[in-house]
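The values are calculated or read from the model by the stated rules, or taken from the named source; none is laboratory data. These figures come from a predicted structure and were not determined experimentally. Glycine also receives a Cβ, built like all others from the backbone with ideal geometry; neighbour counts cover every protein chain displayed. The accessibility values were calculated without ligands, DNA or RNA, using every heavy atom of the protein model including side chains. Shrake-Rupley method; radii C 1.70, N 1.55, O 1.52, S 1.80 Å.
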Amino acid sequence: MTTELRRLRNYINGEFKDAADGRTIDVVNPVTGEAYATSPLSGQADVDAAMDAAAAAFPAWRDTTPAERQKVLLKIADAFEERAEELIEAESENTGKPLGLTRTEEIPPMVDQIRFFAGAARLLEGRSAGEYMEGLTSIVRREPVGVCAQVAPWNYPMMMAVWKFAPAMAAGNTVVLKPSDTTPASTVLMAEIIGAIAPKGVFNVVCGDRDTGRMMVEHPTPAMASITGSVRAGMQVAASAAKDVKRVHLELGGKAPVVVFEDTDIAKAVEDISVAGFFNAGQDCTAATRVLVHESIHDEFVSALAKAASETRTGAPDDEDVLYGPLNNANQLAQVSGFIDRLPAHAKVEAGGRRVGDKGYFYAPTVVSGLRQDDEIIQNEVFGPVITVQSFTDEAQAVTWANDVDYALASSVWTKDHARAMRLSKALDFGCVWINTHIPLVAEMPHGGFKKSGYGKDLSAYGFEDYTRIKHVMTSLDA
């Protein structure tokens, strides 16, 4: 007996629609490895329709007052809260995430972030008006940029969608959002919720694959392209957008150094770092993946971290005792497994290093020691539940090794020495430096990196301003 797959659809101009040519993609539940739904494989006609809808809706939405946009976003936040269980179920089916952790760790910050941007809509700041030349008054206007083409990733499908549409809509832009081809379900549900509140055409969802995203970025209508994804994808987006000088917002990979000094409370650091490394199966570009620990406490730290890993559980979404679920897809399981399979002879797997079960894409919490700075697993993003450990001799070496990767998104320093913490926060070339903690984010503070981790900021007033443009208006006082 064949189970009929659920049919997901695009959301364009206030209506749910199949792809114009009827093509679909199977959507797989990573817990089972089996398809549970189909999603549109959208082509040029679908992208054109969504861009036309967003462009048509833009003038009216642009001209709404900040208070009106705030009201819409606050209603969306309330609706997300009211329908939280539906969102949690869709996200868990998308990703295999634990239901309880999705309920406590994702829904509250998502709702808070929407409410933050609802408030930010009414708090735009700029230089004061004044006469900078005799007889002439200058003012600065902040305006929405226009239609925004946005591509969200599969590791946090709901939350990253919020990080995309909330600041864009708050600033007066209209949106065409593409979820990952492996995780469209929660985004389609969000479209249903938002569509009942926002004016038609302001928020559109186009499902599809890499080619669909390319069509969106290359389309002449959007004024801005925003993507959260891999470095490779970011480079392609930047190159495509350059052809017609679109604005680009890129949040790409990470390889966060976790620098642990000899005066650290080892038990507390291990507890926090293991959670920050394994949460969401390590599929987080800020994950605590690359530990640099002072040689004097290296062995004790590794032993404690390996013990913590062995006590960390992965499993089904309804198991309340698991920290994380499966990797997102078969390709990701192969990637993580490949890093471990290719480890050099001098590396030692202290814990994990294997697939869990034969159904779905589960991978054990893994700790690897004995690594050198030029090893593949140190230099490249694994994006899985794998924490590497290196031993350093002094502060200078720790800083050199921490910075010696292509990524520059997040980092952390663990020490009781305040002066050392301040020196490291300056020396570490990363967009975020946590001190004696790792991974907390708040709506008020910016999130974004340097180097191959991309440019532009998510969250905060800085992220909001990324979705605006600046216009100078000068008027004669003699007219």
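If you check ALA198 against the conditions, is it in contact (Cβ under 8 Å) with a residue 40 or more places away in the chain and either out of contact with any strand residue (DSSP E or B) (no Cβ under 7 Å at 6 or more places or on another chain) or not β-branched (Val, Ile, Thr) (or both)? Yes; evaluated as a whole, the condition is true for this residue.
For region 190-223, filtered to residues that are β-branched (Val, Ile, Thr) and open to solvent by 40 Å² or more (accessible area, probe 1.4 Å), the residue that is nearest to ALA84 (Cα to Cα) is ILE197. For region 260-274, a tally of residues being part of a helix (DSSP H, G or I), of a type outside the set (D, E, K, R) and buried (at least 17 other Cβ atoms within 10 Å of the Cβ) returns 5. Under the condition of being crowded, with 18+ Cβ neighbours inside 10 Å, touching a helix residue (DSSP H, G or I) at 6+ places or on another chain (Cβ under 6 Å) and not in a strand (DSSP E or B), the residues counted in region 314-325 number 2. In the set ILE114, ILE139, only one residue is in contact (Cβ under 8 Å) with a residue 12 or more places away in the chain, of a type in the set (Val, Ile, Thr) and assigned to a helix (DSSP H, G or I); that residue is ILE114. Considering every residue within region 426-440, establish whether at least one is over 24 Å from TYR455 (Cβ atoms), at pLDDT 95 or above and in a loop (DSSP other than H, G, I, E, B). Scanning region 426-440 turns up at least one residue that is over 24 Å from TYR455 (Cβ atoms), at pLDDT 95 or above and in a loop (DSSP other than H, G, I, E, B).
Condition check ((1) without any contact (Cβ under 8 Å) to a residue 40 or more places away in the chain; (2) within 23 Å of PRO220 (Cα to Cα)) across all residues:
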position: THR3; (1), (2): yes, no
position: PRO30; (1), (2): no, no
position: ALA35; (1), (2): yes, no
position: MET51; (1), (2): no, yes
position: PRO59; (1), (2): yes, yes
position: GLU86; (1), (2): no, no
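Among residues of region 59-82 being out of contact with any helix residue (DSSP H, G or I) (no Cβ under 6 Å at 6 or more places or on another chain) and closer than 30 Å to ASP318 by Cβ, the one that is surrounded by the fewest Cβ atoms within 10 Å (Cβ to Cβ) is GLU82. Just one of the listed residues (VAL206, VAL293, VAL260, VAL302) is touching a His at 6+ places or on another chain (Cβ under 8 Å) and not acidic (Asp, Glu), namely VAL260.
Take the conditions (1) under 21 Å from VAL275 (Cβ atoms); (2) open to solvent by 10 Å² or more (accessible area, probe 1.4 Å); (3) of a type outside the set (Val, Ile, Thr); (4) within 22 Å of the chain's Cα centre (by Cα); LYS451 misses just one of them, which is (1). Of all the residues in region 195-247, those that are touching a Pro at 6+ places or on another chain (Cβ under 6 Å) and in a loop (DSSP other than H, G, I, E, B) number 2.
Among all positions in region 393-404, there is no residue which is surrounded by fewer than 21 Cβ atoms within 10 Å (Cβ to Cβ) and closer than 24 Å to PRO153 by Cα.
Every residue in region 319-346 that is over 15 Å from VAL31 (Cα atoms) and in contact with a strand residue (DSSP E or B) (Cβ under 9 Å, 6 or more places away or on another chain), please. Result: VAL336, SER337, PHE339, ILE340, LEU343.
Scanning region 419-432 for residues that are open to solvent by 40 Å² or more (accessible area, probe 1.4 Å) and without any contact (Cβ under 8 Å) to a residue 24 or more places away in the chain gives ALA419, MET422, SER425, LYS426.
Restricted to region 290-307, and to residues that are open to solvent by 20 Å² or more (accessible area, probe 1.4 Å) and in contact with a helix residue (DSSP H, G or I) (Cβ under 9 Å, 6 or more places away or on another chain), which residue is nearest to PRO326 (Cα to Cα)? The qualifying residue nearest to PRO326 (Cα to Cα) is LYS307.
Those residues that are free of Cβ contacts under 8 Å to residues at least 40 places away in the same chain, among the charged types (D, E, K, R) and assigned to a strand (DSSP E or B), I need them from region 344-396; list them, please. Passing the criteria: LYS348, ARG355. Would you check if there is a residue in region 326-344 being open to solvent by less than 60 Å² (accessible area, probe 1.4 Å) and acidic (Asp, Glu)? No, that holds for no residue. Restricting the first member to region 466-477 and to residues that are closer than 22 Å to ILE227 by Cα and acidic (Asp, Glu), and the second to residues that are open to solvent by 80 Å² or more (accessible area, probe 1.4 Å) and outside any loop (DSSP other than H, G, I, E, B), the beta-carbon pairs closer than 9 Å and six or more apart or on different chains are ASP466/ARG247.
For the subset of region 1-34 comprising residues that are open to solvent by less than 40 Å² (accessible area, probe 1.4 Å) and aliphatic (A, V, I, L, M), which member is farthest from ALA56 (Cα to Cα)? So, considering only residues that are open to solvent by less than 40 Å² (accessible area, probe 1.4 Å) and aliphatic (A, V, I, L, M), the one farthest from ALA56 (Cα to Cα) is VAL31. Here LYS416 meets the list (1) open to solvent by 50 Å² or more (accessible area, probe 1.4 Å); (2) within 30 Å of ASP466 (Cα to Cα) almost entirely, failing just condition (2). Can ALA347 be described as closer than 24 Å to SER92 by Cα, open to solvent by less than 60 Å² (accessible area, probe 1.4 Å), modelled with pLDDT of 95 or more and among the hydrophobic types (A, V, I, L, M, F, W, C)? Spelling it out, it is not the case that ALA347 is closer than 24 Å to SER92 by Cα, open to solvent by less than 60 Å² (accessible area, probe 1.4 Å), modelled with pLDDT of 95 or more and among the hydrophobic types (A, V, I, L, M, F, W, C). Taking first residues from region 214-233 that are at pLDDT 95 or above and partners that are of a type in the set (S, T, N, Q) and outside any strand (DSSP E or B), the Cβ contacts under 7 Å between residues at least 6 apart in sequence or on separate chains come to ARG214/SER240; MET215/GLN44; VAL217/SER240; GLU218/SER240.
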